[in-house]
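I have placed the structure first, in the form of structure tokens, so that the comments after it can refer back to it.
The values are calculated or read from the model by the stated rules, or taken from the named source; none is laboratory data. The model shown is predicted, which means the values in this text are computed figures rather than measured ones. Here the Cβ positions follow ideal geometry from the backbone for every residue, glycine too, while neighbour counts run over all protein chains shown. Side chains are part of the model used for accessible areas, which takes the heavy atoms of the whole protein and leaves out ligands, DNA and RNA. Shrake-Rupley method; radii C 1.70, N 1.55, O 1.52, S 1.80 Å.
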Amino acid sequence: AEPSRPALARLLSWLMRFASRPWFPFVAGLGTAINIFTLVFTGVTTSLFLAAVLGNPRAWLRAAVVNAAGATLGTAALLLLVRDRGVEWMSQSFPTLQTSPAWAHATSLMDSYGLLGMLLVCSLPIMLHPVIAFGMLAQLNNRTILLLVFLGRTVKYGVKGYLASNAPSLLRFFGVRAAVLEQVEKAKWE
């Protein structure tokens with residue numbers, strides 16, 4: 001669930017005090033890595049990333065690459081667990097994922113376009129779990145799966161970072177709610 005507006009405003013106000021620090025994008029990247037396992041902190045990890053970009057708008061690309069590395073790190077940890085325990089373990093651990101419309105959409109893209117479809121899914125604002133399952137079923141090695149995740153997430157966060165620093169209102173196309181954008185902008189000036 002997304003945090004309430006007052007809680008989000010307090011979080012963003014607090015975050016913006018640190019957002020310009022050189023280490024802050026790594027905090028955002030770590031949050032993204034952890035969210036691979038939790039799935040419920042997407043609003044928080046988006047806020048961390050946006051704060052990192054807005055705290056130092058000229059370094060939006062660095063923030064994007066660090067966040068993509070965080071997503072890749074989290075995916076690598078999950079991939080190792082799934083390799084060890086089987087795809088069924090992922091289904092049991094994340095029971096609602098395979099029934100979600102995002103899973104069906106991701107699977108359809110990957111079925112239709114193979115590796116290019118995997119890259120496309122990795123650059124969309126959806127979860128990466130179908131990429132792991134598809135990659136394993138296609139008998140891809142870890143390096144290939146993780147390279148696709150890193151490249152796709154670099155594109156995703158690169159576009160999102162560029163927009164955040166140059167045209168924040170367009171972030172709505174990435175699922176960033178207007179309320180989050182308003183709170184980030186307000187926190188930036190507090």
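Summary value for the range 1-129: 22 percent relative contact order, contacts being C-alpha pairs under 8 angstrom separated by 6+ residues. Each peptide among 133-142, 22-31 gets the average number of other Cβ atoms lying within 10 Å of its residues, and from highest to lowest they stand as 22-31, 133-142.
Beyond 18 Å, the tail of the calculated P(r) for the range 1-92 holds 48 percent of the Cα pairs. With axes computed from alpha carbons, what is the tilt in degrees of helix 101-122 against the longest principal axis of the chain, rounded to the nearest 10 within 0 to 90? Helix 101-122 sits at roughly 80 degrees to that axis.
Leaving ligands, DNA and RNA out of it, report the carbon-plus-sulfur percent of the accessible area of the chain at a 1.4 Å probe.
Working: 6180 of 9650 Å².
Of all accessible area on the chain, carbon and sulfur atoms account for 64 percent.
Legend: calculated FRET efficiency, Ala104 to Leu61, from the Cβ-Cβ distance at R0 = 35 Å, rounded to 0.05, equals 0.60.
Give me the distance between the Cα centres of the range 80-105 and the range 8-78, rounded to whole Å. Centre-to-centre distance over Cα atoms comes out at 24 Å.
Average accessible surface for the chain: 51 Å² per residue, computed with a 1.4 Å probe over protein heavy atoms with every protein chain in place. A simple spin-label model places pseudo-atoms 7 Å from Cα toward Cβ; at Asn166 and Ser91 they are separated by 4.4 nm.
For the range 54-89, which trypsin sites (Lys or Arg not before Pro) are in a loop by DSSP, counting at most 11 other Cβ atoms within 10 Å?
The qualifying sites: there are none.
Comparing Leu48, Leu80, Leu61 in a Gaussian network model of the chain where C-alpha atoms under 10 Å apart are linked, the largest mean-square fluctuation is found at Leu80. Each residue, Thr38 and Ala77, gets one label point 7 Å from its Cα in the Cβ direction; the gap between the two is 1.1 nm.
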